1. Would you mention how many residues in segment B:41-93 are within 16 Å of ligand 2 (Cβ to nearest atom) and of a type in the set (A, V, I, L, M, F, W, C)?
2. Do we find that B:Ala78 is in contact with a Pro (Cβ under 6 Å, 6 or more places away or on another chain) and away from ligand 1 (no atom under 12 Å from the Cβ) in this structure?
3. Residues of segment B:53-67 being in a loop (DSSP other than H, G, I, E, B) and away from ligand 1 (no atom under 11 Å from the Cβ), which ones?
4. Sort through B:Leu52, B:Leu24, B:Leu70, B:Leu86 and tell me the only one that's at the interface with chain A (Cβ under 8 Å from one of its Cβ atoms), surrounded by fewer than 23 Cβ atoms within 10 Å (Cβ to Cβ) and hydrophobic (A, V, I, L, M, F, W, C).
5. Can you tell me how many residues in segment B:304-321 are over 19 Å from B:Ile234 (Cα atoms), buried (at least 17 other Cβ atoms within 10 Å of the Cβ) and touching a residue at least 40 places away in the same chain (Cβ under 8 Å)?
6. Can you tell me which residue among B:Pro99, B:Pro152 is in contact (Cβ under 8 Å) with a residue 40 or more places away in the chain, surrounded by 18 or more Cβ atoms within 10 Å (Cβ to Cβ) and part of a loop (DSSP other than H, G, I, E, B)?
7. Of the conditions (1) in a helix (DSSP H, G or I); (2) within 27 Å of A:Arg175 (Cα to Cα), A:Ala140 satisfies every one except a single condition; which number is it?
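The values are calculated or read from the model by the stated rules, or taken from the named source; none is laboratory data. On a predicted model such as this, the values are computed, not experimentally measured, just so you know. Here the Cβ positions follow ideal geometry from the backbone for every residue, glycine too, while neighbour counts run over all protein chains shown.
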Amino acid sequence: MARRVLFNLFAWSIVLAVAFPLFWMIVTSVKPQFELFRRPPTFLPDTVTFEHYRTLLARTNFMIYFRNSVILSTVTTFVVVFLATLGAYSLVRFRYRGRESLAFLVLFTYLLPSVVLIIPLYLMLVSLGLSNTILSLVIAYTTFALPYALWLLRSFMAGVPEDLESAALVDGASRLGAFRDVILPQLLPGIISTALFTFILSWNEYLYALVLVNSDGARPLTTGVMSMLISAFNIEWSLLMAASVMMSVPLIVAFAFLQSYLTRGFGAGGVKG
Amino acid sequence: MADVEFRKVRKAWGKVVGVADLDLSIRAGEFVSLLGPSGCGKTTTLRMLAGLEFPTSGEIRIGGRTVNDLAPGQRDIAMVFQSYALYPHMTVEENIAYPLKKRGVPRGERGPMVARVAEMLQLGPLLGRKPRELSGGQQQRVALGRALVRDPKVFLLDEPLSNLDAKLRGHMRAELVELHRRLGRTMVYVTHDQLEAMTMSDRIAILEGGVLQQFAPPQEVYREPANRFVAGFIGTPSMNLIDGQLAQTGGRWRFEAPGLALELPALPPGTPGGEACLGLRPEHIAFGSGPLEARVALVEETGHETIVVVELPGGLRLTGRTAPGMALRPGEALRIAPDAAQAHLFAAGPSGRRLNAPAAGPGRAAASVSVPASAAHAGEPS
Ligand SMILES: Nc1ncnc2c1ncn2[C@@H]1O[C@H](COP(=O)(O)OP(=O)(O)OP(=O)(O)O)[C@@H](O)[C@H]1O
Ligand SMILES: [Mg+2]
């Protein structure tokens, strides 16, 4: 009994520790400026104001950064999911020399710390004439999201029975037709997990964005908000918190919509175990 | 006319040989079973025929046309998979209609075709369900329906009944035979259940280790097993296989093993003497009287017959079967009479080929339970 209570206490304290900053972020973003540094601090704001949001949207580059981030993350996600799906299909379904070693090589590149790759990548992108573009970030993010996505999808793909594809082939489908009609629907939960993972990774990425892009036209939210609101002398706390809230919203919305897909799993039962 | 033909077909993955130099010629409209123990290459053979696996060498023909380079969809075949392979995200109706859709049958014509199959297999009430909402037997019928909805040249069935309970299996066996009779299509049926193969097929191809052992009608496979493997594989309880010495003295052949000596009918000229293997079906051993002494080791009543295992003085064990009601108790001594006229003789070794011609006469009624009384004098006391 006492252990149960203790355990519950422990669990709740962790939940609180995780949730409190989020709560504080939201609260801070709607507090008027003069209330921000009051001591003792107010838990719930006396007056709720949206002036920080208005300022952010109307008088800063926030919307440009936001648009950049949306383009960047969406394009990266599409590229990564497309390549990883085809790659996983090849790694699971076709037999060729060096298939296993290839898979491990891919995993190995994922294990390399990204800091090690950043300078060579930067130099390559410069020589390609791509520095300071959103495309350069798409390429960079793809290089480190793809290996993990490939491994994730490979295990999902391995869970799709080969007989399903064979049946579709016998039923008259082309290889591509069988892939679209039979494999893709089975793979959907895996594709959604992979897409979500890639999207979050690109949305939150900071280091590469900092090194590869330094013009406002191509900056994503992470580095954009940093450079805009944080200087050596001053941190615009209220604007920062408002920006943070708006940065989190797309992810929360995406999760809410896709959560049921993530937990639904495979349409089991078509094939005996 | 040969409808399906394998010519020197071989499949190997590196050193692993799945199928070795298979020659098989199946007539149009024939029901052929591929029978053999697990891992003998049945599925591989079927998948090569379907175009899902490429032969390492050799030629496969369907309807007189070489199909080696044709995709599965172009071979005019339908297949039922060992795992059923129903599309989990489609309803039963969509599953059955899928081959039609892929072959460009207009939407309007698909409905009646699906309905016809659904009626034949009693799937009507299930059409709106997903595969996971069906029982094993129902899934099996849907898989069958998906194959039957078209009218292909050849049906390929890979152990379609292996996941069903005994009763449903018996029922579906009869249904399949009836279906084959009605459609008159060539069917290649993979199974490791000899009862299925024996009762359903026109001919059985027995495989072992990727090598074709015998290809013959069920009765012939039973009566004239081509080699020791087939002899031991076909028949329950299986044939008694006794290793011993074969010798010819004064024009008469004699087989000897510890505790057993048999005078054999004439063998073909040129038969080698020395080590050999004698095969005796359980029904070809008579109990109660005869030249050999034995002791009852085991009695199994199955209801419609009694399986008896006896031990000869030399330690050799023989299985026999008798009509029920013969009161035998373990430990009891009795005399037995092997019917030498019905004996099979094989060369030594695990896959020794057949040495003697099959027995002629009334004994050819293969599964006969009773032993002709005249058989009793065939053996000589040792
Ligand atoms: N892709 C493969 N790579 C290597 N070996 C294989 C492959 N597929 C099958 N084999 C081997 O080929 C042999 C024949 O396999 P197959 O699946 O045809 O057996 P089967 O007769 O259908 O057996 P079962 O009754 O268990 O279904 C087996 O020894 C198997 O291990
Ligand atoms: Mg098999």
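1. So the answer is 9.
2. When the stated conditions are applied, B:Ala78 passes them.
3. Passing the criteria: B:Phe54, B:Pro55, B:Thr56, B:Gly63, B:Gly64, B:Val67.
4. B:Leu52
5. Adding up the residues that qualify gives 2.
6. When all the criteria are applied, what remains is B:Pro152.
7. Looking at each condition in turn, A:Ala140 falls short on (2).
Let's see how each residue does on (1) in a loop (DSSP other than H, G, I, E, B); (2) among the polar types (S, T, N, Q); (3) at pLDDT below 95; (4) buried (at least 20 other Cβ atoms within 10 Å of the Cβ):
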position: B:Glu196; (1), (2), (3), (4): no, no, yes, yes
position: B:Thr199; (1), (2), (3), (4): no, yes, yes, no
position: B:Ile206; (1), (2), (3), (4): no, no, no, yes
position: B:Gln214; (1), (2), (3), (4): no, yes, no, yes
position: B:Thr236; (1), (2), (3), (4): yes, yes, yes, no
position: B:Ile242; (1), (2), (3), (4): no, no, yes, yes
position: B:Gln245; (1), (2), (3), (4): no, yes, yes, no
position: B:Phe255; (1), (2), (3), (4): no, no, yes, yes
position: B:Leu267; (1), (2), (3), (4): yes, no, yes, no
